[in-house]
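Beneath this line is the structure, given in structure tokens, with notes to follow.
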Amino acid sequence: MSFETFPEWRGKELDEILYECRELLEDTEYPTINRWRQNGGKVAGHFQVYFPEEIAHAAGMLPVKMGGAPVEPNSADSHFGSYLCSIIKTSLEVALNEKVKLDLFISHPICDAARNLAAIFGRNFDYPCQILYLPQNPNSSHSLQYLTDEYGRLKRLVEEITGNKITDEKLRASIEVYNQNRQYLREIYDIKRDTPWLLTADEGYALLAIGGLIPREEHNEVLKTVIPLIKSRVRKKEDRIRLVFEGGFCEQPPLDLIRMLGQTCYLVDDDFLIGMRWILSDVSLEGEPLRNLAHSYLEDSSYSPVQHDNRKPKEEMLLKRIEACDAGAVIIAAAKMCEPGLEEQVAYTHELDRKGIPYFVTEFEENMNSFDHLEMQVDTFLENLLF
Amino acid sequence: MNSTPENKIVGRGNRDGAALFRDWYNDLSQTAETDGRAAYVFVMGSLNEILKSFDMPVVFPEINSLQTAVRRVAHDYLDEAEDHGYSPDICGYVKADYAVQKRGGEHPMGKIPKPSIAVLTNACNTYIKWAEIWERMYDIPIFTMDIPGTRQGGKPSLEGSVDFENDRRYVEAQIRELITLCEKVTGKKFDIDKLREVLKNTNSLHSSWEKVITLNQNTPAVFNALTDGTIFLGVANGLKGTPEGAKYFKELVEEMEYKVKNGIGTLTEEQYRLVFVGVPCYPIFRRFNELFTDWGGTFINSTYLWFASGGANRGFQYDLEDPIKSLSIGLLMSVRDAMDSMFHQEIMVESMVKDFKIDGIIYHPIKSCRTVSTGLADSRYHLSKKIDVPSLFIESDMMDRRVVTEAQMKNRIDAYFEGLASRRQRMGAH
Ligand code: SF4
Ligand code: SF4
């Protein structure tokens, strides 16, 4: 690859690569996005949870996950009232203070706050700011056709912004890149599940999350390099509780919180940035690419509190997740002021009560920086399980 | 009181509205007492048009919840839901309803029947989370009528365009799926002529609703958009599609036209014409209004009248020759309009300021509702750069009295009106 947005990891040992990934994730100057722009590239910012990045990628744009940031929303605060989650504010903050410059902003109807975000961006920036209306009735027989058409609309918009025609060939090539990426991410999660002592919680998270900040080809290179290195690490298995973290589908807990959790238990599965793992297996390369993407979104996908699908009752999905990774306990988290997350907490805990699965309920904020109290609570919870 | 024609007609909308409302709750109580079930629906896209054509009783849980606040017992219900694990930070409507359900339908207005089906739109995402609660509680089918909204502010797709048609076809397919589901739930066969009848009544209600709102362009205003408007909204939602609803609104138009003709305004001596943006403060509903009317402030229009009627303000007329297709167009346009008046309300507010001769804009974001509140500060900021109309921004809640501080509110409202008065002085007599 000739031009790279993230060359820092090249030629380094595993621990150093992982260090560079964490550094990138916490760098609020967004060096990779800026390098991309300096090189003449255009940027599509998309809000959580899922976005068909392949469509922007096929036109040569850099899709960037606007997933909040560990910053104070000093400029954005005056644009909002109280009672809001942090990610909404910090996503606007990084755009207002021009740390992230975009050519397109897309939000989704995931929740009441996020639906307002495209309108808010639209009032503050000249570039197109839109909602991509992912279907909220995936059970309708027409939802596949509808979503294919909606992706077609997005494709036309991206073509207009970039001046690049998106052919089926280009789309298939992008889908291949992303299929590869999803495959690598599955391998990372396999490691977390099967040999969690080889990869700490924050390392695993950083490897996943940098994908939202760099081109997927680069992400694939990083993952391809580190996966065998992780597998050949020599580390001893410890007697720790195997834990699932549920509640990271949108706003992300701070990396330090994840690190803290990983110090006392094995985080064997989670829903962090679930949009990046939304599609469960390869998107087909045969036939119509947009229809294939739509099909995978609807028929071969994960779950989250912000999508209702009669076929995926969320408590059942959570139980399946717990079972699949053989976890002994769950952290049921929600971002502060996150309506869907907080509502789902009740359903999850009632179900876990019924099944007698131990859980710990908590709220977090992406820019919280003190976890002493939380750490003590988690330790007590885990100790109670062990003894 | 002597029964002059004026006494008969003026205030009729409020009197009849309250009576219809009581009857409606009595009917629901009767249904509940006989173990009957109802369809649970929401104000933004109730699909009453379909449900009424199956003669299903409908329950509006949002209205039930707001009634607990108006009747000052909401805290009891909220506490109960919070004891069951619901956060203080989520929508109070959801929590009050959860407690109503846990109490077997016990409600200050009567008894609420259990649901047989829940039908919701995506106009508010919390609707979906809310319906999931009933799905778990009662194991009933829930149907999400997904109505794609405007993709980019001020640029809704136009009827006849490819994008519009894509959305419309999706809505039409879902209408047909809902009909099949209703047949299953009720055991009745769908009757398209009955739907026509319901649509005819809805057409009448729609055009009257649009007229009523427009009549407030007159000075003095003929109704208070916040207080009277809430009564009208109750009927517009609950009795949409029925002959009673159509008749009520026809008479309401008559009343408002009579008032215009005779120069009869609201109870307030109108000094300042205000627009209300947000959701009313139900825990102190009357008092909240008085904080404005005491200064001669009258609410002339509100975004609430628009979105909480599911976009009926557009006055959409269904084509009875092609009812299903027409319903898909009407639903798409009306519910999309309701969403626009929440997410892009600066566009509506700007037009209201012009058409309704507005002196002030009152923003009332609330803790419970991110749908309506998230963008208010930003849109206020941008609108203030375009038009020179003083505005006030007060945060509280529509259910939770813990975040309603009347004294603080009063101070801010008083200061606002003092500002309006001195501005008027500066600008010369009104
Ligand atoms: S954290 Fe929750 S409330 Fe906030 S944008 Fe995400 S889903 Fe919406
Ligand atoms: S969040 Fe707002 S619109 Fe949605 S149900 Fe609650 S009050 Fe109504």
Discussion item. What does the C-alpha gyration tensor say about the overall shape of the protein assembly as shown? Classify as rounded when a/c is under 1.5, otherwise prolate if a/b is larger than b/c, or oblate.
Written reply: prolate
Item to complete: Go ahead and run the numbers for FRET between B:ASN262 and A:SER75, Cβ-Cβ distance against an R0 of 60 Å, rounding to 0.05.
Response: 0.70
Worksheet entry | Shielding by partners - mean other protein chain Cβ count within 10 Å, residues of B:142-150 | 6
Worksheet item: What is the distance in Å between the Cα centres of segment B:368-430 and segment A:152-227?
Response: 46 Å
Item to complete: Could you work out how far helix B:345-355 tilts from the main Cα principal axis of chain B, as a 0 to 90 degree angle to the nearest 10?
Response: 50 degrees
Discussion item. Using a 1.4 Å probe on the protein heavy atoms only, what accessible surface does A:GLU160 show? Give it in Å² to the nearest 10.
Written reply: 150 Å²
Worksheet entry | Cross-link partners of B:LYS247 among aspartates and glutamates (Cα-Cα below 18 Å; sequence separation of 8 or more within a chain) | B:ASP16, B:ASP23, B:GLU49, B:GLU197, B:GLU210, B:ASP228, B:GLU255, B:GLU257
Fill in: A:MET368 - accessible surface, heavy atoms, 1.4 Å probe, Å² rounded to 10
50 Å²
Worksheet item: Mind checking the angle between helix A:339-355 and chain A's longest principal axis? C-alpha axes, 0 to 90 degrees, to the nearest 10.
Response: 40 degrees
Worksheet entry | Pairs beyond 29 Å (Cα-Cα), from A:LYS314/B:LYS194; B:LYS95/B:LYS357; A:LYS101/B:LYS367; A:LYS314/B:LYS95; A:LYS312/B:LYS95 | A:LYS314/B:LYS194; B:LYS95/B:LYS357; A:LYS101/B:LYS367
Response to the item:
Ignoring ligands and nucleic acids, chains B and A bury, in total, an accessible area (1.4 Å probe) to the nearest 100 Å² of about 4600 Å²
Worksheet, complete the sentence: Listed by chain and number, the lysines with an alpha carbon less than 23 angstrom from that of A:LYS237, same-chain partners under 8 positions apart left out, are A:LYS192
Worksheet, complete the sentence: Projecting the Cα atoms of B:VAL277, B:LEU205, B:TYR93 onto the charge dipole of chain B, where Lys and Arg contribute +1 and Asp and Glu -1 at Cβ, the residue farthest towards the positive end is B:VAL277
Worksheet item: Of B:LYS184, A:LYS65, B:LYS410, A:LYS237, which has the most accessible area with a 1.4 Å probe, and how do the rest follow in descending order?
Response: B:LYS184, A:LYS237, B:LYS410, A:LYS65
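Run the numbers on chain A and let me know its relative contact order in percent, using alpha-carbon pairs under 8 Å that are six or more apart.
19 percent
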Worksheet item: Counting each DSSP H run of 4 or more residues in chain B as -39500 (n - 2.57), what helix-only mean residue ellipticity at 222 nm follows after dividing by all residues, to the nearest 500 deg cm²/dmol?
Response: -18000 deg cm²/dmol
Worksheet, complete the sentence: Taking a ≥ b ≥ c as the square roots of the Cα gyration tensor eigenvalues, with a/c under 1.5 meaning rounded and otherwise prolate when a/b beats b/c or oblate if not, segment A:81-213 comes out oblate
Discussion item. Looking at chain A as a GNM with Cα springs under 10 Å, which of A:ASN179, A:ASN292, A:ASN310 has the largest mean-square fluctuation?
Written reply: A:ASN310
Worksheet item: By average Cβ neighbour count within 10 Å, what is the ranking of A:132-144, B:104-116 from highest down?
Response: A:132-144, B:104-116
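Indicate the gyration tensor shape class of chain A (rounded, prolate or oblate), computed on the Cα atoms with a ≥ b ≥ c the square roots of the eigenvalues: a/c under 1.5 is rounded; otherwise a/b larger than b/c is prolate and the rest oblate.
Rounded, because the longest to shortest axis ratio a/c is under 1.5.
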Discussion item. I need the peptides A:185-191, B:247-253, B:360-366 ranked by packing, meaning the mean over residues of other C-beta atoms within 10 angstrom, with the highest value on top.
Written reply: B:360-366, B:247-253, A:185-191
Response to the item:
A:SER370 and A:GLU159 label points (each 7 Å along its Cα→Cβ direction) are spaced in nm at 5.6 nm
Worksheet entry | Distance (nanometres) between label positions extended 7 Å along Cα→Cβ at B:ASN26 and B:THR219 | 4.4 nm
Worksheet, complete the sentence: The orientation-averaged projected area of the Cα convex hull of chain B, in nm², is 21.0 nm²
Discussion item. 7 Å from Cα along Cα→Cβ at both B:ASP55 and B:ILE324: what's the point-to-point distance in nm?
Written reply: 2.3 nm
Fill in: Portion, in percent, of the accessible area of chain B that falls on carbon or sulfur, probe 1.4 Å
49 percent
Worksheet entry | Cut-off 20 Å (backbone N to label point 7 Å along Cα→Cβ of A:TRP197), residues of segment A:347-387 | A:383, A:386-387
Worksheet item: Applying 1/(1 + (r/R0)^6) with R0 = 41 Å to the Cβ-Cβ distance of B:LYS211 and B:ARG72, what FRET efficiency is obtained, to the nearest 0.05?
Response: 0.75
Worksheet, complete the sentence: To the nearest 20 debye, the protein assembly as shown has a Cα-centred charge dipole, built from +1 on Lys and Arg Cβ and -1 on Asp and Glu Cβ, of 1660 debye
Discussion item. Less than 16 Å from a label point 7 Å out along the Cα-to-Cβ axis of A:GLU288: which backbone N atoms in segment A:136-159 qualify, by residue?
Written reply: A:141-156
Response to the item:
Partner shielding of B:119-132, as the mean number of partner chain Cβ atoms within 10 Å, equals 5
Worksheet item: So how do B:95-103, B:336-344 stack up, highest first, on mean other-Cβ count within 10 Å?
Response: B:336-344, B:95-103
Item to complete: Please work out the FRET efficiency for the pair B:SER422 and A:GLU23, using the Cβ-Cβ distance as r and a Förster radius of 41 Å; give the result to the nearest 0.05.
Response: 0.15
Fill in: Point-charge dipole on Cβ atoms (K/R +1, D/E -1) for chain A, about Cα centre, debye to 20
720 debye
Practice prompt. Would you mind working out the accessible area per residue for segment A:206-331, using a 1.4 Å probe, and quoting it in Å²?
Written response: 35 Å²
Item to complete: Could you work out the mean count of beta carbons from other protein chains within 10 Å of each residue's beta carbon in A:78-88?
Response: 6
Worksheet, complete the sentence: Place a point 7 Å from the Cα of B:ARG402 in the direction of its beta carbon; the residues of segment B:353-387 whose amide N falls under 17 Å from it are B:366-369
Fill in: Dipole magnitude (debye, nearest 20) for segment B:281-404, charges at Cβ of Lys, Arg, Asp, Glu
340 debye
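Ignoring ligands, DNA and RNA, how do B:GLU197, B:GLU82 rank by accessible area with a 1.4 Å probe, largest first?
The most accessible residue leads, giving B:GLU197, B:GLU82.
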Worksheet item: Normalised by the number of residues in segment B:5-428, what is the relative contact order in percent for Cα pairs under 8 Å and 6+ residues apart?
Response: 19 percent
Worksheet item: How high is the relative contact order of segment B:311-430, in percent, with contacts defined as C-alpha pairs under 8 Å that are six or more residues apart?
Response: 19 percent
Worksheet entry | Violating pairs (Cα-Cα greater than 32 angstrom) within the set A:LYS89/A:LYS355; B:LYS211/B:LYS325; A:LYS99/B:LYS386 | A:LYS89/A:LYS355
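The values are calculated or read from the model by the stated rules, or taken from the named source; none is laboratory data. Quick caveat: nothing in here was measured; it's all calculated off a predicted structure. With ideal geometry, Cβ positions are generated from the backbone for all residues, glycine too; neighbour counts draw on all protein chains shown. Areas reflect the complete protein model, heavy atoms only, side chains present, ligands, DNA and RNA absent. Shrake-Rupley method; radii C 1.70, N 1.55, O 1.52, S 1.80 Å.
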